[in-house]
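Here is the structure we will look at, set down as structure tokens.
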Amino acid sequence: MGFLAPLFLALGLGAAVPLLIHLLRRRTGVRIEFPAARYLARAEQEHSRRLKLRNLLLMMLRVLAVTCIALAAAQPVSGTLGRLVGAGHAPAAIGIVLDNSLSTSVIANGRPVLDRLKAIAVRAARGATVGDRVWLVTADGRTQGGTAAAVASAIVRTEPLSGAGDLPRAAAAAAGLVRSAGVADPVVAIVTDGQATAWSGMTDLGGVRVVIYAPAEPGPANRAVVAAAARPARWTPRGEVTATVQGTVPPGGSDSTTYRIGLGVRTLARGTVAVTPIGDERTARDRLAAGVGAISVHAAPPERGWVGGSVEIEADELRGDDTRYFAMWIGEPPAVASDSSAGPFIRSAVDALVANDRATTGAAGQGSRAIAIVAADHLTSLPALIVPPSDPVRMGAANRALERSGVPWRFGGVQRGEATIDGIESASPIGAAADTGGRAAPVTASLAYAMVAQGSAPADTLARSANKPWAVAGPGYVLIASPIDPVSTSLPLRAVFVPWIGDLLAQRLVGAGGGLGGAGNGVLESEPGETLRRPAGAEELEAPDGAVRVLSGATIDAPARPGVYFLRRAGGRVGALVVNPPPRESDLTRLATQTLATRFRGRSVLAGTDGEEWARAVFDAHAARPLARIFLVAALVALLAESLLTRRAVMRSSGGMTATRRAA
Amino acid sequence: MEGTTRADLFDPASLASMGRIEIVARWVVDGFLTGLHRSPRKGFSVEFAEHRPYQPGDDLRYLDWKIAARADRWVVKQFEEETNLRAVLVLDVSPSMAWRGAPARLTKLAYAERLTAALALLLLRQRDAVGLVCFDERVRSVLPPRARMTQWRRLVGALDRMREGTDARRSDAGDALLQAARVVRRPGLIVLISDLLTDVAPVDRAVRALRAAGHDVAALHIVDPAERELTASGDALFVDPESGLAVPAAVAEVRDAYRATVAAALDEWRATFVRGGGRYETVMTDAPFGAPLRRAFAARQDSGR
């Protein structure tokens, strides 16, 4: 048995009062003349046994009453004794973790799973008493504390998230809260759908008791668009939309669904796609090759600028993952002015790009937006794709031209010997190089000039050879270390050559619409509510409904609603923030309760599928219960018995007797 | 007070505050006689002795109508009884009698003195011879019975002298009763007025002896209400001023047992006197004098029968 207010045990010293009175009552100093003392002596003599017994009983009742009151004031709690005679529960600190992640919005048995979870959580909140401290922590980390009624109300008002949230983090936060309450038995009460992906790791909640509710039935079937993207991120104006659809496919069976790809406010494409099982780790190309689970739509839409799109499939029980968003920049094909100094292979590549509407021809020079493709010694203006001069004698003139044009790189000494060029595939967002990686012959360089950076000018290294930069890009230029001919490099002989040149032109050298640049080419991917680093230059955020929010600070909190949000600067769109639920949230596979219990570490962990039992377990049938009421009742009974025993005497004690020494 | 109010029904303490003992006794007796209705017995002797003025309550049979017709005076005839009752009042003056349970009450001795004086006057008015024996652990004074009205003065004087108090350590009622029997000489009425805080056995023996000698014995047991109910409160050391007996007690705890013991003691005293052929009455010191006087007068009537 423990005490919540042990200082009040000092009141127990009061029990000594009736004891002392009992022991000292015969030593009283009051002296009364009383001629009939002989009768008094005879009465005590004749009734001594009964009187002693009554006095002893009175003394014991009084000591018992005082002791019980002192014990009650000290607020005793006990486990074993409490279960026998205790009532209610000891003051508790309860952190209710309510799983309101996207997966709980799935419709099961005609209503959202979250409604069921909320109803169960409310039981725990309403079971709390005035002495309890209760908090609600939802999957997104939001915390609501206060009275049981306030928490119950907050539970009822809880809406499902559009994302996964972070349930382990929410549970840890709840554990911290209940530990801070300083009660003997802090408890974290988790109400979850038991989604396996949400509780994939071990969650250590320290010394708190953990009580978990999860539905017994397995998760419902689900289909979801788990990936959607525009490739490349900048279309000039051609590009490809790819998407992946996964779902619950019975073993040996198959499933398919219709899809719609929207671009802006119009439909770009419709079709039917086979659904791949959730967890299929095959690449998009492999899935495309197999003809299941992947969508690939090539298009050259008329829209220009930053555009958002979506891939939608048929609605099912979980609506939140039936649509996935993407964004891209669509611009005109780049104008290219190819100079003969760049060599015949470059010229051929440009001709091929022009023939496929991926580029147009233009005139290079000051004031022109056309991209010059030249040898460095012929460089006069930017933007330009620059290659080394074929004659080493012209290298000095080439470096001077670079200096004049403001390119912060210089050509150094020549390096001979064949070396693999790494990174060419990375310059191709479509992944053509990746598709050939490991199967086709590598791109090599036999002759390359060292590229020496001047100062600390920013630049991206697009490819490396022998661990040295082979292709670098900066504002308005791409510089290549080898002349584009078969003697210097195998690149012009490879299939990746023309696409790579096309990508360089479209992604690196097109001036308009670039804006933010960076690894995503101005497209940021995010989960709902996720905190991101604010891109430099992004001043505002434009919502799908057109509302504009000013951005400040170093970070951005991604909106809670999925969709395409545009980053703006000076009133124009300079990038996009694409908010989609995490694909793992579409996997509704649930953990068995016993397995779920093993994912937690606490003072004790109990997982169950019965809401009633869960609510009772929150207040723990095995935990200590308060005994104060019992002791108060015992004190009352003792005082009542004492009162009955002395009632007649007390009633007749209203009179008094005055001693007179002797009448005059 | 005569005629309009009856002193025998007054609160004894209030009445005592109005005058000396003989005055109070007269008021009491006058009041008592006023309220006395016609006796079923002839209380007066048959041989004429003298006239006296008529007083309310006198039996009209003894009114001298001739004098009333001739002189327009209302007088009653009094007769000399040849067999006058000889009564001795035996009064306990031990220290235990000098106690009262509340300031508003008389001490037992003060009450008993007034009762004794009134009773003596009543008997003397009946032409009975009245004597007085005062005692504590021994007989303190003896006044042989006389039937003259001057006897009452002597008796009141003796009571006054006894008021000085004694320092006796006990009271011996048995011996006092036997001494009183010697004073009476021939069978008469012996009235013991005491708080009877003494042993029963000597008194029992004395009562039996007196009855054997042909005496009528009556006991007026003077009890203060506080002695009967134990109205004190709290814990205290109760000390008997007479014997020095000290008894520590918690009143609330012992009260019930005490009451039972006192009730048993009173019953024992009553049984002792009744068994011995005497009369016994408990007299509370907060009761008007009329009540005990009536009982004593009834004893006298029985004795004279």
Per-residue Cβ contact counts at 10 Å, fewest first, order A:Glu46, A:Glu281, A:Glu159 as A:Glu281, A:Glu159, A:Glu46
Fewest-first ordering of B:His51, A:His298 by Cβ atoms within 10 Å yields A:His298, B:His51
Two pseudo-spin positions, 7 Å from Cα along C-beta at A:Arg169 and at A:Arg266, lie apart in nanometres by 4.1 nm
Computed from the beta carbon distance with a Förster radius of 51 Å, FRET efficiency for A:Glu612 and A:His298 to the nearest 0.05 stands at 0.35
Between the modelled labels at A:Glu314 and A:Val548 (7 Å from Cα along Cα→Cβ) the distance in nm is 4.3 nm
Per-residue average of other protein chain Cβ atoms inside 10 Å, peptide A:208-218 -> 0
For the stretch B:86-304, inverting the pair-averaged 1/r of distinct alpha-carbon atoms gives a Kirkwood value in Å of 17.5 Å
Residue-normalised 222 nm signal for chain A, counting each DSSP H run of n ≥ 4 as -39,500 (n - 2.57), nearest 500 deg cm²/dmol, is -8000 deg cm²/dmol
Taking Cα atoms only, helix A:344-355 is inclined relative to the longest principal axis of chain A by an angle, in degrees rounded to 10, of 70 degrees
Summed over the other residues with a beta carbon less than 13 angstrom from that of B:Phe273, with K and R at +1 and D and E at -1, the charge totals +2
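Per-residue counts of other Cβ atoms within 10 Å, averaged by peptide: what ranking do you get for A:552-561, A:198-207, B:272-281, B:184-193, highest first?
Order by mean packing, descending: B:184-193, B:272-281, A:198-207, A:552-561.
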With Cα coordinates, the longest principal axis of chain A makes an angle with the long axis of helix A:148-157, in degrees rounded to 10, of 30 degrees
Taking B:Val183, A:Val208 and counting other beta carbon atoms within 10 angstrom, the fewest-first order is B:Val183, A:Val208
Partner shielding of B:191-204, taken as the mean number of other chain Cβ atoms within 10 Å, equals 1
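Note the full-extension length gain between A:Leu57 and A:Val414 as 0.36 nm times their separation in residues minus their Cα-Cα distance, in nm to one decimal.
Net length gain for the segment: 117.2 nm.
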In nm, the gap between the two label points placed 7 Å beyond Cα toward Cβ at A:Thr461 and A:Thr531 is 3.3 nm
Counting only DSSP beta bridges fully inside chain A, the antiparallel percentage to nearest 5 is 65 percent
With a ≥ b ≥ c from the Cα gyration tensor eigenvalues, square-rooted, and the rule rounded for a/c under 1.5, otherwise prolate when a/b > b/c and oblate otherwise, the stretch A:523-579 is oblate
Taking R0 as 22 Å and r as the Cβ-Cβ distance between A:Ser604 and A:Val637, the FRET efficiency 1/(1 + (r/R0)^6), rounded to the nearest 0.05, comes to 0.05
Mean other chain Cβ within 10 Å across B:255-268 is 5
Expressed in angstrom and rounded, the centroid-to-centroid distance over alpha carbons for the stretch B:95-169 and the stretch B:60-77 is 36 Å
With a Förster distance of 25 angstrom and the Cβ-Cβ distance between A:Arg584 and A:Thr143, calculated FRET efficiency to the nearest 0.05 equals 0.55
By the C-alpha gyration tensor axes a ≥ b ≥ c (rounded if a/c is under 1.5, else prolate when a/b exceeds b/c, else oblate), the shape of the protein assembly as shown is prolate
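Laboratory data are not the source of any read-out in this text; all were calculated from the coordinates shown. Computed from a predicted model, the values in this text were never measured in an experiment. Backbone-built Cβ (ideal geometry, glycine too); neighbour counts: all protein chains shown.
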